[in-house]
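Participant: Please read through the structure below; I'll follow up with questions.
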Amino acid sequence: MQKIFSTIILTTILILSGTITVSASWQLTLDISTPDPNSDTGTATNRLVLGTDPTATDAYDNKFDTVALLKGPIEAYIFHPEYAAEQQRLWRDIRAEELPKEWTIEVNSLVEGNTINIKGGIDVPANLNFTLIDLDKNKEIRIRASTEYSYNSTANSQKKLLLRVSEDTTVTTNGNSKGNAAKGGGCGYIKDINGNNSSTGGPGSAVLNMIILFVPLIWLTTRKAISTY
């Protein structure tokens, strides 16, 4: 009987602890906009979503990737010339986790003299570096340091950009690091670029708390059952 209950305890611990490991995934949004008098908001915007997921691939995935619907004074998309013709221009492009990676972005402007604004959402893990490169000007923009970039369009022009994502090995993501960046993989805390405040980790920390809470209860129940037996 004792052997049976010991087996139950070990099995429970293994099942719960197995859910602690949370695969790293993240998403970065880029809002690319320009003034548009025909829009209700006065602005035409294309939102690009880039990121990684443990179940995604570096090919086109119906589950994650979204084909761009291009219309209006601005056409922004992630470009994949190697994909099938109908899938070469994407608004959403999620890939496998391995880094570094690069996303090629093209922005078509139909109106001359408009300001094209690019605004990045930096709700991403702090141990990643994001560099936006204006290939026409050979200019690099560190998205964490400056979340916005703009340029003036010319008629029927195309801007080519490159987003490069790499891991910053100098930033730790263990339980002792603190910050208010978005949750990344694993549990505990993730240090952000400013090092201010803190936020709890993802689902892994919740599961760990469950183990701490329930294992003593299971152990006491088992000991009582063994004594009764």
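The values are calculated or read from the model by the stated rules, or taken from the named source; none is laboratory data. These numbers were taken from a predicted model, which means no experiment stands behind them. Quick reminder, even Gly has a Cβ in these numbers, built from the backbone with ideal geometry, and neighbours come from all protein chains shown.
Participant: Would you check which residues across region 100-111 are in a loop (DSSP other than H, G, I, E, B) and either modelled with pLDDT of 95 or more or farther than 14 Å from residue 33 by Cα (or both) and list them?
Facilitator: Of everything in region 100-111, just one residue is in a loop (DSSP other than H, G, I, E, B) and either modelled with pLDDT of 95 or more or farther than 14 Å from residue 33 by Cα (or both), namely 100.
Participant: Go through region 138-160 and report how many residues are touching a residue at least 12 places away in the same chain (Cβ under 8 Å) and over 19 Å from the mean Cα position of the chain (by Cα).
Facilitator: Summing the residues that are touching a residue at least 12 places away in the same chain (Cβ under 8 Å) and over 19 Å from the mean Cα position of the chain (by Cα) in region 138-160 gives 12.
Participant: Can you tell me which residue within region 151-165, out of those that are surrounded by fewer than 17 Cβ atoms within 10 Å (Cβ to Cβ) and modelled with pLDDT of 95 or more, is nearest to residue 53 (Cα to Cα)?
Facilitator: The residue in question is 164.
Participant: Still on this structure, please answer the following. Among the residues of region 86-99, is there at least one that is under 13 Å from residue 32 (Cα atoms), at pLDDT below 90 and part of a strand (DSSP E or B)?
Facilitator: No, region 86-99 contains no residue that is under 13 Å from residue 32 (Cα atoms), at pLDDT below 90 and part of a strand (DSSP E or B).
Participant: Right, something else. Go through (1) modelled with pLDDT of 90 or more; (2) crowded, with 19+ Cβ neighbours inside 10 Å one by one and return the number of the condition residue 82 breaks.
Facilitator: It fails just one condition, (2).
Participant: With the requirement that a residue be under 18 Å from residue 91 (Cα atoms) and buried (at least 21 other Cβ atoms within 10 Å of the Cβ), what does region 117-129 give you?
Facilitator: Within region 117-129, 118, 120 meet the criteria.
Participant: Looking at (1) within 30 Å of residue 127 (Cα to Cα); (2) buried (at least 18 other Cβ atoms within 10 Å of the Cβ); (3) at pLDDT 95 or above, can you tell me which one residue 22 breaks?
Facilitator: Going through (1) within 30 Å of residue 127 (Cα to Cα); (2) buried (at least 18 other Cβ atoms within 10 Å of the Cβ); (3) at pLDDT 95 or above one by one, residue 22 breaks only (3).
Participant: Report whether or not residue 74 is within 23 Å of residue 103 (Cβ to Cβ), modelled with pLDDT under 95 and assigned by TED's automatic domain parsing to the domain that holds residue 125.
Facilitator: Here the answer is yes, as residue 74 does meet what is asked.
Participant: Which condition breaks for residue 92 when tested against (1) in contact (Cβ under 8 Å) with a residue 40 or more places away in the chain; (2) over 26 Å from residue 116 (Cβ atoms); (3) among the charged types (D, E, K, R)?
Facilitator: Checking residue 92 against (1) in contact (Cβ under 8 Å) with a residue 40 or more places away in the chain; (2) over 26 Å from residue 116 (Cβ atoms); (3) among the charged types (D, E, K, R), the one that fails is (2).
Participant: Something else about it: Would you mind telling me which numbered condition in (1) more than 26 Å from residue 102 (Cβ to Cβ); (2) surrounded by 12 or more Cβ atoms within 10 Å (Cβ to Cβ); (3) at pLDDT below 50 residue 197 fails?
Facilitator: The failed condition is (2).
Participant: Scan 145, 59, 126 and give me the residue that is within 17 Å of residue 25 (Cβ to Cβ), in a loop (DSSP other than H, G, I, E, B) and of a type in the set (Gly, Ala, Ser).
Facilitator: Checking each option against the conditions leaves just 126.
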